[in-house]
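Colleague: Handing you a structure now.
The values are calculated or read from the model by the stated rules, or taken from the named source; none is laboratory data. On a predicted model such as this, the values are computed, not experimentally measured, just so you know. Note that we place each Cβ from the backbone using ideal geometry, even for glycine, and neighbour counts take in every protein chain shown. All accessible areas refer to the heavy atoms of the entire protein, side chains included, with ligands and DNA or RNA removed. Shrake-Rupley method; radii C 1.70, N 1.55, O 1.52, S 1.80 Å.
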Amino acid sequence: MVISKAIRDQIEAENANYPRARGGLLAALHRVQREYGAITPEHATALAPIFDMTAVEVLAVVSFYDMLSSQPAGRHQVRVCTNLSCSLAGAREFLREIENHLGITRGETSADGRITLGHEACLGACANAPMMRVDDRYYEDLDTESARQVLDALD
Amino acid sequence: MATAAGVACEAEIVRITVDGLEYRLHAGPSLLAALDQIGVLMGEVDIPHYCWHAKLSSDGSCRLCQVEIDGQTGLQTACNTPVRDGMIVHTRSEAVVRARQTVLEFLMLNHPLDCPVCDQAGECKLQDYAWRYGAPNSRSREPRRKLEKRIDLGPGVVLDRERCILCRRCVRFCREIPRTGELAVFGRGDRSVIGLFPGVQLDNAYSMNVVDLCPVGALTSRDFRCKARAWQLESVEGVCGGCARGCNIWLDVAKGEVQRYRPRRNDAVNDTWMCDAGRLSYAEIARSDRLDKAWIRNQESVLEPVSVASAISEAARMLAGLVAEKGAGVIAGIASPHATNEDLFAFKRLLDEIGTENSGLAVPHGEADELLICAEKAANATGARAIGFEDARSLLERIRGGGVDGIVILGHDILTAGYLDDETLLGKIDSVILIDTHQSSLMRVAQVVLPARHLAEKAGTLTNCDRRVQRVRPALAADSELLTEGEIVHRLALALGLNGFEAGYDLPRVSRSLAAAVPPFAGITIESLPSDGAQLVSDGGEKGAVR
Amino acid sequence: MQKAPHVTDYLTRHCADDEYGCLRGFEAQGGYRAAHTALREMTPQKILDEVRQAGLQGRGGAGFCAGLKWSFMPAPEQQPSYLVCNADESEPGSFKDRLLLERAPHQLLEGILLAARAIGAQKSFIYIRGEYAEAARVMQRAVDEAHAKGYLGDDVMGSGFSHDVVVVRGAGSYICGEETALLESLEGKRGHPRVKPPFPAQRGAFDRPSTVNNVETLCHVPHIIGRGAAWFRSTGTEKSPGTTLFGVSGHVVRPGLFELPLGTPLDEIIFEHAGGVADGRKVKGVIPGGLSMPILPAGELDVAMANEFLQEKGSALGTGGIIVMDDRTCMVRTACVISEFYRAESCGQCGPCREGTAWINDIVTRVERGTGTAEDLELLVDICDGMEGQTICAFADAAAWPVRALLKHFYADFERHVREGVCSFSGSFQL
């Protein structure tokens, strides 16, 4: 099965919170992506009937949101905020240094499949720049050295 | 202040003023819809629009249909502003003109300037509106967005992403009309594109309607691609002959040939849609198996070409001989559900005047759906029944019993409808006179073969599945040797010296006789028929005996 | 977890206390008392009237009167109806709701209970931006605690009122902070703002009457109900009562959150509370209310931070996110960063926004690189004109305002790029 019984059960339990199952779609997409690394066309096909949608609609939703992807990516999502407050605090130089450190540019995944690097529109940590999000965790008030330590510790 | 247009029904009627003219219209869901209902939109009331379409849900995103309404601040989109009594609307004010210019400038920013090679050129709403409302020059110095220029969405439709203005009519169409939902918008912002699910094609029975819906050249017909330029086409009103729905169409003609069918709006029949099979059926007009000359079987039992006049004389000689020898009861006729009401009425009268009651009708059947496609794969089976042709099965029994020695057959539906596996049974009949548009194996048993005009080549009326009588006009000039079934049987009747057939075939006169003689057709004549058709009078009288 | 504010008041007084995030800790500070009383003793209309009299303005950016918004909801017979908490805080420069979610989740739940009671909603959805994973975890834990204690679910606190709260995570899209885009997203769709009317109170979440309120807005409600409209009106200005959480970021000595009365002067916030500009430099410009709000030049900082005063200066309070730029800052680069953001986040639905955000970004990027012309600068203003008020939602306005204001107040910066054919602001932040 493209989506395991256990995941499917969790999805259906979540859907019960909404007047229409489709309210649970974003939660399901987060879940599938966490479990399988991406929401592939096969996942979309499996999800569509649960939400009374077409598979193409599922992928169209995926394509709208920055946190969702239909393409497999690295094990860890690293996002550096580069909006104005962070830029004023040197976030763009910071991002370039991280790029140099990882040997990839934003939008790319490291050769070992460990890290996909990107920049973010604003993460709501404007007073603590530079900062980055690693998966679900925020690292704030960073400098290049402390960021390297965080990144190097990732499996 | 003049009343420019109005509606007859008094329920929920409101008055509004648009550019100083007063309109009485239904309190519709939106200004555009209400103006569309009374038929003035894009006529005397010019409110340009892209995303709005009369038969699709409202979207509101293209922002082109903005108008000024007294008492409201800023501009309002006519596509989602409900009509209210007393509303005073301005569509040409300075603010409106400026807003349109701006919207068009935005949409033109990344639109390629490939009009010279674009199939849509000449019927492109971006071209039209930019010309009419746009600024003369683009102020942009930025390079245009590069995207895929040719994506084969499916068997019928090609997508050029650079030309797309993201009105999403195609997306809404697929979701709302065939309910197949193949298309979606992917991405966000200026990265938004129309697309399909990987590995899936845009391949539903109505897919090519998105080509008509697309206001620009983003979606083009693979069939029509690069065949003709829009300004070379002459469009003639017609009706599709592919099934009993009788979808209203435009026959677009260039270089003496029909280049394509396009749906023509008729809210009582097909809204603004037609199926792909019907759309592509224009190809049968010029197909290589078209009958274009008359044939007579010679003494060596071989068909040889003759003039139409000779063929009709030979047919008359055969029929007259049989009637004289064995009586009218050995003569029979098989009607075609593809022929017009007038053709069939002439044919019915021929058989009546010969004095035979042996007639039948064979209607090919196929797949049907809940939208437009009917099981009866012919345009006029309902008309044929109303005029008095009944199912051909009992006639075939009579033929099997050897009771028929001469037969006049219109078309070869008796084979395609599956009533006969092949022509063997008809081979038992001495005199088979075949009148048809296309070649078929019936020619093997025919003594006389007469070529007939296609629906695209003649005038007349057809009766659709809902008993609506609709008019067709000749889109193509036919060869003088190519006559309608009606005229052929008329000449045959003259050659037989039958009563009531005046010299010279006159279609309006036949139509008037039909209206007078067959009760369901009372009051319906070709000359008085409105462009959107008229309903047959009563529901019951399928038999419609000729008075 | 986010750091506690530098200056606190009633909303954030206990935010430094980790215990305050748990039900017990919250109740120890008097939490849920307002709900206990109001759910049993006040009619829904009375709760609504109190909030309306308090003059509580929405804290999500638009500043619409919360009590008035509630009053648009149809009679409670029209069940089901929903309360939607907009926790999609995404306005660059704003980070106050994150604090309230992470450090005072029960305060929000109490506000939700009271608001839901006032409008007759049987269920609430807290739509939290996807990146706020920590906030979603904390909120969910708080919801579970409240359920276990009988503060959510059937017959809340023995009042006969039943209410459920669902925590929903977004998935990364700024536009979903627009209330109707949020509703679309909540329904599992692409976040395309809806054409209005119908407004959410007529047809909102899942086609039912709904009210969408910002996190901070709801957090004020227990305090208003607990202490009364008159108390609430005793802080702030006459038209803009109460405190708010100002977030200060950029070139200041002490960036962070400051809970201060509405109407606190901007220069006081920057120079006294946030410690002024670092390295002894001067202010060049300040964005007073999150990225969408028009920038104010250094000479106009003596303004009270409330809409009625900021609007006189051609700006607005927005979300209270104050971004300070020192005198080294290149305002063309600033325009590049801002326009890049709006280009990335436009939903793409309306032509003028989809194309206009990209066009602005292309032009300012060119001006920054030194290939802009004087005509480009005029064109930018025209593009802003063509976007403002021309689209389904206010995103296009939000994208146009900051660019227009930068051109208005810092035209010299743009002109200098055009004239010199290069950016000569070598001390500015890097792109």
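Colleague: Of A:E140, B:E12, which has the most accessible area with a 1.4 Å probe, and how do the rest follow in descending order?
Modeller: B:E12, A:E140
Colleague: So how far, in whole Å, is the C-alpha centre of the range C:391-431 from the one of the range C:61-130?
Modeller: 35 Å
Colleague: Note down the accessible area of C:M325, probe 1.4 Å, to the nearest 10 Å².
Modeller: Rounded to the nearest 10, that gives 0 Å².
Colleague: Once R0 is set to 30 Å, what does the formula 1/(1 + (r/R0)^6) return for the Cβ-Cβ distance between B:E370 and C:Q78, expressed as a FRET efficiency to the nearest 0.05?
Modeller: About 0.30, to the nearest 0.05.
Colleague: First measure r as the distance between the Cβ atoms of A:A153 and C:Q29, then evaluate 1/(1 + (r/R0)^6) with R0 = 41 Å and state the FRET efficiency to the nearest 0.05.
Modeller: Plugging the Cβ-Cβ distance into 1/(1 + (r/R0)^6) gives 0.65.
Colleague: Now for a different question. If you filter the range B:20-114 for GluC sites (Glu not before Pro), then keep DSSP loop positions with at most 14 other Cβ within 10 Å, what is left?
Modeller: Answer in residue order: B:E44.
Colleague: Would you mind working out the accessible area per residue for chain C, using a 1.4 Å probe, and quoting it in Å²? It would help to have the intermediate numbers written out before the result.
Modeller: Numbers: 13630 Å² over 431 residues.
Each residue of chain C exposes 32 Å² on average to a 1.4 Å probe.
Colleague: Given just the C-alpha atoms of the range C:243-326, how large is their convex hull per residue in cubic angstrom?
Modeller: 68 Å³
Colleague: If you add up the charges near C:Y342, with Lys and Arg at +1 and Asp and Glu at -1, over every other residue whose beta carbon is less than 14 angstrom from its beta carbon, what do you get?
Modeller: Summing Lys and Arg as +1 and Asp and Glu as -1 gives -4.
Colleague: When the accessible area of the range C:18-233 is computed with all protein chains present and a 1.4 Å probe, what percentage of it is carbon and sulfur?
Modeller: Taking all protein chains in place, the range C:18-233 shows 49 percent carbon and sulfur surface.
Colleague: I've got another one for you. What value, in deg cm²/dmol to 500, does the helix sum -39500 (n - 2.57) over DSSP H runs of n ≥ 4 give at 222 nm once divided by the residues of chain B?
Modeller: Values: 13 runs with 125 residues, N = 547.
-6500 deg cm²/dmol, from helical runs alone.
Colleague: Within a Cβ distance under 15 Å of C:F206, other residues only, what is the Lys/Arg minus Asp/Glu net charge?
Modeller: After counting each charged neighbour, the total is +1.
Colleague: Okay, next question. With the full set of protein chains in place, find how many percent of the accessible area of the range B:306-362 is carbon and sulfur; take the probe as 1.4 Å.
Modeller: Heavy-atom surface of the range B:306-362 belonging to carbon and sulfur, 1.4 Å probe: 48 percent.
Colleague: Using the basic label-point model (7 angstrom from Cα toward the beta carbon), what is the A:A16 to A:R34 distance in nanometres?
Modeller: About 1.9 nm, to one decimal.
Colleague: Cα centroids of the range B:358-384 and the range B:491-515: how far apart, whole angstrom?
Modeller: Here the answer is 27 Å between Cα centres.
Colleague: Which one of B:I387, C:V248, C:G31 has its Cα pushed farthest toward the positive end of the charge dipole of the protein assembly as shown, where Lys and Arg give +1 and Asp and Glu give -1 at the Cβ?
Modeller: Most positive-ward Cα: C:V248.
Colleague: Continuing with this model, one more query. Compute and list, largest first, the equivalent-ellipsoid semi-axes of the range B:114-165 from the alpha carbon gyration tensor, each √(5λ) rounded to a whole angstrom.
Modeller: 23, 16, 8
Colleague: Moving on to the next point. So which GluC sites (Glu not before Pro) in the range B:278-341 pass both tests, a DSSP loop state and at most 15 other Cβ atoms within 10 Å of the Cβ? Don't skip to the answer; put the middle values down first.
Modeller: Numbers: sites: B:E284, B:E300, B:E314, B:E325; in loops: B:E300.
Within the range B:278-341, the qualifying GluC sites (Glu not before Pro) (loop, at most 15 other Cβ atoms within 10 Å) are B:E300.
Colleague: Helix-only estimate, please: 222 nm mean residue ellipticity of chain C, summing -39500 (n - 2.57) across DSSP H runs of length 4 or more and dividing by its residues, to the nearest 500.
Modeller: Details: 16 runs with 174 residues, N = 431.
About -12000 deg cm²/dmol.
Colleague: Now a separate question. For chain A, build the charge dipole from Cβ charges (+1 Lys, Arg; -1 Asp, Glu) around the Cα centre, then report which of A:S110, A:Q149, A:A121 sits farthest towards its positive end.
Modeller: Of the options given, the answer is A:A121.
Colleague: Whole Å is fine, so just give me how far the alpha carbon centre of the range B:105-160 lies from that of the range C:273-292.
Modeller: 45 Å
Colleague: OK, next. Compute log10 of I(q)/I(0) for the protein assembly as shown with the Debye formula, placing one identical point scatterer on every Cα and leaving out solvent, at q = 0.09 Å⁻¹, to two decimals.
Modeller: For the protein assembly as shown at q = 0.09 Å⁻¹, log10 I(q)/I(0) is -1.06.
Colleague: Sticking with this one: How many square angstrom of accessible surface are buried between A and C, both sides summed, with a 1.4 Å probe and rounding to 100?
Modeller: Approximately 4000 Å², summed over both chains.
Colleague: Now for a separate question. How big is the Kirkwood radius of chain B, worked out from every pair of different alpha carbons and given in Å to one decimal?
Modeller: 26.0 Å
Colleague: Note down the net charge around C:D279, summing +1 for each Lys or Arg and -1 for each Asp or Glu among other residues with Cβ under 14 Å from its Cβ.
Modeller: Working: positive: C:R254, C:R281, C:K282, C:K284, C:R328; negative: C:D326, C:D327.
Summing Lys/Arg as +1 and Asp/Glu as -1 gives +3.
Colleague: May I pose another question? What order do C:E50, C:E216 take when sorted by accessible area (1.4 Å probe), most exposed first?
Modeller: Largest accessible area first, the list is C:E50, C:E216.
Colleague: Taking only the alpha-carbon atoms of the range B:210-327, what semi-axes of the equivalent ellipsoid follow from 5 times the gyration tensor eigenvalues under a square root, in whole Å, largest first? If you can, show how the numbers build up before the last one.
Modeller: Numbers: eigenvalues 352, 67, 26 Å².
Working from the Cα gyration tensor, I get semi-axes of 42, 18, 11 Å.
Colleague: With contacts defined as alpha carbon pairs under 8 Å and 6 or more residues apart, what's the relative contact order of the range A:5-64 in percent?
Modeller: That works out to 26 percent.
Colleague: What number, in percent, do you get for the relative contact order of the range A:84-155 if the mean sequence gap of Cα pairs under 8 Å and at least 6 apart is divided by its residue count?
Modeller: Over the range A:84-155, the number comes to 30 percent.
Colleague: Over the heavy atoms of C:D279, what accessible area does a 1.4 Å probe trace out, to the nearest 10 Å²?
Modeller: 130 Å²
Colleague: Now for a different question. Relative to the Cα centre, what is the charge dipole magnitude of chain B, using +1 at the beta carbon of each Lys and Arg, -1 at the beta carbon of each Asp and Glu, and rounding to the nearest 20 debye? Before the final figure, lay out each step's value.
Modeller: Working: 63 positive and 73 negative charges, 330 e Å.
Magnitude of the dipole: close to 1580 debye.
Colleague: Longer than 27 Å from Cα to Cα, which of B:K227/B:K458; A:K5/C:K149; C:K69/C:K149; C:K3/C:K408; A:K5/C:K189 are they? Say none if no pair is.
Modeller: Check vs 27 Å cut-off fails for A:K5/C:K149; C:K69/C:K149; C:K3/C:K408.
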